[in-house]
Amino acid sequence: MSFEKYTALTSEQTLSEFSVTPEQGQSESYIRKARQKYGPNAMDQNKISPWILFGRQFKSAFIYLLLAAALITFLLKEYLDSAFIIVFVTVNVLLGFFQEYKSEQTVKLLKRYTNKRATVIRDGKEQVIDSSDLVPGDIVVIETGDIVSADLRIIKTNNLLIDESTLTGESMQIRKQVEQFPEPVTSMYKSLNIAFSGTTVVEGKGIGVVIATGKDAQFGKIAKLVTAAEETSSFEKQINKFSKFILFLTATTLVIVFIVHIFFRHTLSITELTIYSIALAVGVIPEAMPLVTTFSLSIGASRLAKKKVVVKRLSSIEDLGSIQVLCTDKTGTITENKLTVSDIFSDHQDETILSGLFTSESLGLSKTSNNAFDLAFLAKASQEQDGLVKGSERLFEIPFNPIRRRNSVLVRWAGKKMLIVRGAVESVMPYVAEFSSEENEKLMSWVTEEGKKGRRIIAIASKEFDGDSYSVRDEEEGLRFLGAISFEDPIKESTHAAVKKAKSFGIQVKILTGDSADVAAAVALEVGISENLSDVITGDEFDKLTRAKQKEVMKRINVFARMSPEQKYYLVKLLQEDLEVGFLGEGINDAPALKAAGVSIVVDGSSDVARDVADIILLKHNLQVIVDGIEMGRNTFVNVTNYIKATLASNFGNFYAMAFVTLIIDYLPMLPLQILLVNLLSDFPMISIATDNVDKKDITSPKSYAIKELLLLATLLGLVSTGFDFMMFGIFKQYGASTMQTYWFIGSILTELAIIYSVRTRGWFFHVKNVPSKAMLFLTLIAAILTVGIPFTVFGVEIFKFVIPSWDKLALLFAIVAGYMASTEIVKRLYYKYLNFSR
């Protein structure tokens, strides 16, 4: 059912449609039939079991590739090789599972209890039921503190004030009415006679008839959008592309070598060639990449956890580094979602504040009030003024009405009776006496300036009164102007610094809010998101544009106001077609856009629906943490990219050298077991890249995997590696198979360790300011010692078929490795100077 039609129906017409009266309510027989027709007033919960989390760790082309290699080597009885691959996969899967499972448990602890009970009138009796039992046609009673459990058409109200910010983004609390509208209202924030599911009653009491429940309520429709918005992370997409490319390149090369051996050379048996090819394939596949990535992401998650940030989806940390546009809600995210007195236009400021307190609609005038204006008055008032109000007597009042746009009270204090009126400037000033045109001009000028700043304004007027009650007509005669007060929703302390740092990182910040255009534009201007107040468009205006114009506007405009959940969702999807988008929100209305975004971020006070779909949850309301997270994401990106460069350059260099050398010699240039040992000794220090320090110059712009450019650099460095591999082959070939295999084994690992230090910076490796991490230095040293030492052991000679090296040949090998490092540095510097198109 749609709420729109009920906005134009009278309360009597609505009751008639459901054949119900507010005094009697529905009968049990009707409830049973309605429950069968509409189902429970609930939505499916997104529960992620440990098994789903565990299975998620296998969703990678690399993992599939490694598992296939492990199976083949096992079937060929190469058990050590198979076990080696399984160890890598197991560690990676367990690390990812542990991190995401821990995050899910933390999120469960964050779940806030929502209103599970509802007060209804059934069979002439008021009773409390489980909110899931509500059906369309039920008569529901709501009062201060309740969370509305279904969409209601209000039929009775007593000062009913509702906070709809989590649903619509409107920061102002809404005074509800019974009166119908001449035409159906389509905007939620304008539907003053509807109470929506998921909103909160902050003041007063009301009675409504249920018009929609569960998935048919506005809350449910938003949840449906969330379910439909499935997205694969940017990081996962790029890694899968990269995996497929490596698989294609490796398979093509091995097929060529295999065919040449079968038809033109007969020096190796089919079995030998098969095992050797598998070993080569495993050798070229960067099997430590999932592990390096997971380590990097886990380190980032650990650092964020210290800043009170829960990372639900591990890969979202790296996705943070690719964000080009950060979309954010305004209310409760950029601002505090509370009103404070900003300025007072009055010659009697103290009297103006005191009179504002007298007109407070909060019960008992205590600081437990939920009315945003009342709380602002209370915060501004002095203890003396607070005491005067508590010592006064309220004789009569006419509550705020959306049509009159003002409220009034009759109070007795200091031995006199005062009639005080508070409301919108245009609804109070026509009844003020003795107010000159000059004074009015000054007031209107002040109102205009405050309006440009996005502030809410009310006027206060009063007069002495003799009776104990009054009528609206009495309000409208001879009022004395006391003053006008502007209110603002304060900017959070962290917002300015966060926006500034985001811009320094090349991130465009956009506001998507349900609030008004004036307010949103003023906030954006104040925090530095916009440069002028015209940088704003409403959701309805955006909808009227052609798709081509929308794409032009979405890149130019930074403030989108009066946005419905559907419009936010559409805009984020549109942005994602060309850009990497992160979305920061907290309300129910933000949930679809959060799900559609590449990275979704919420604060801990956000709605359950928003928190369910979020990738990252901020336990501290500090926007600076988001930008810090982006920095960590870029650190992770740089480290993973450095790993790819290092492993591709060395692995492809060795792969092509060993593949094509078999075409010119009658024995294997390296035994399969030796190749696997090369992988082990070179890969475990490469894992330490995850801990490495990153040059600040490398994180000043959004990051994404430019596969072509990455492969170009890796190919150039791989050619250098291949050249030096052939050099080692040419030098040591004359000493026999075992000797050549031994020195090529040592040289292959040492060159792989050397390139780790070369690719970690664009400059000369010995000039870099950020020194390598201790873990990297330690693990590469251990790997180097083991590489040189294993051939000297009985284990190395007996199991791996090495020969004990001679020191003169080792010295020659060390010189070759030094020459390789120098050549790599020169090629790298030339690439970044002349061929790096992403600089």
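The values are calculated or read from the model by the stated rules, or taken from the named source; none is laboratory data. Just so it is clear, the structure is predicted and the values come from calculations on it, not from any experiment. All Cβ positions, glycine included, derive from the backbone under ideal geometry; neighbour counts span all protein chains shown. Ligands, DNA and RNA are stripped out before the accessible areas are found, and what is left, the full protein with its side chains, is counted by its heavy atoms. Shrake-Rupley method; radii C 1.70, N 1.55, O 1.52, S 1.80 Å.
A few remarks follow.
- Rounded to whole Hz, the Karplus (6.51, -1.76, 1.60) HN-Hα couplings of segment 185-194, x for glycine and proline: 9, 9, 8, 4, 5, 9, 7, 6, 9, 10
- Remark: segment 130-140, residue by residue, has Karplus-estimated 3J(HN,Hα) of 5, 4, 5, 8, 5, 9, x, x, 5, 9, 10 Hz, where x stands for each Gly or Pro and the curve is 6.51 cos²θ - 1.76 cosθ + 1.60 at θ = phi - 60°.
- In the complete set of protein chains, residue-level accessible area for LYS696 is approximately 130 Å², probe 1.4 angstrom.
- Between segment 746-801 and segment 458-474, the C-alpha centres lie 87 angstrom from each other.
- Residue-span extension gain [TRP51 to LYS833] - 0.36 nm each, minus C-alpha spacing: 276.6 nm
- Net charge of neighbours whose Cβ lies under 10 Å from the Cβ of LYS453, counting Lys and Arg as +1 and Asp and Glu as -1: -4
- Per residue, the accessible area of segment 480-545 comes to 39 Å² when a 1.4 Å probe rolls over the protein heavy atoms.
- Cα gyration tensor shape for segment 646-724, rounded if a/c is under 1.5, else prolate or oblate: oblate
- Restriction of the trypsin sites (Lys or Arg not before Pro) in segment 482-585 to DSSP coil positions whose beta-carbon has at most 11 other beta-carbons within 10 angstrom yields LYS544.
- Heavy-atom surface of segment 747-797, accessible at 1.4 Å and reported per residue (Å²): 47
- Atom-type composition of the exposed protein surface of segment 394-453 places 52 percent of the accessible area on carbon and sulfur (1.4 angstrom probe).
- Distance between the 7 Å Cα→Cβ label points at GLU709 and ASP347: 6.7 nm.
- Charge sum, other residues only, whose C-beta stays under 13 Å from GLU393's C-beta, Lys/Arg counted +1 and Asp/Glu -1: +3
- Computed from backbone phi, the HN-Hα couplings of segment 449-461 come to 5, 5, x, 4, 8, x, 9, 8, 10, 10, 10, 10, 9 Hz, rounded to whole numbers (Karplus: 6.51 cos²θ - 1.76 cosθ + 1.60, θ = phi - 60°; Gly and Pro given as x).
- Annotation: amide H of SER773 within the under-5 Å range of ASN693, sequence separation 5 or more or interchain, hydrogens built in the peptide plane.
- Rounded, prolate or oblate (a/c below 1.5 giving rounded, otherwise prolate when a/b exceeds b/c) for segment 496-655 by Cα gyration tensor: prolate
- Carbon/sulfur fraction of accessible area - segment 496-577, other protein chains in place, 1.4 Å, %: 53
- Projected label points at ILE129 and LYS306, each 7 Å from Cα along the beta carbon direction, are separated by 5.4 nanometres.
- Placing R0 at 41 angstrom, the Cβ-Cβ distance between PHE792 and ALA251 gives a FRET efficiency of 0.65 after rounding to 0.05.
- Length gained on full extension, LEU680 to GLU426, computed as 0.36 nm times the residue gap minus the Cα-Cα distance: 83.6 nm.
- Extension gain, SER436 to LEU719, is 93.2 nm, computed as 0.36 nm per intervening residue step minus the present C-alpha separation.
- At a probe radius of 1.4 angstrom, the accessible area of segment 638-691 per residue rounds to 19 square angstrom.
- Accessible area of segment 678-772 belonging to carbon and sulfur atoms, whole % at 1.4 Å probe: 64
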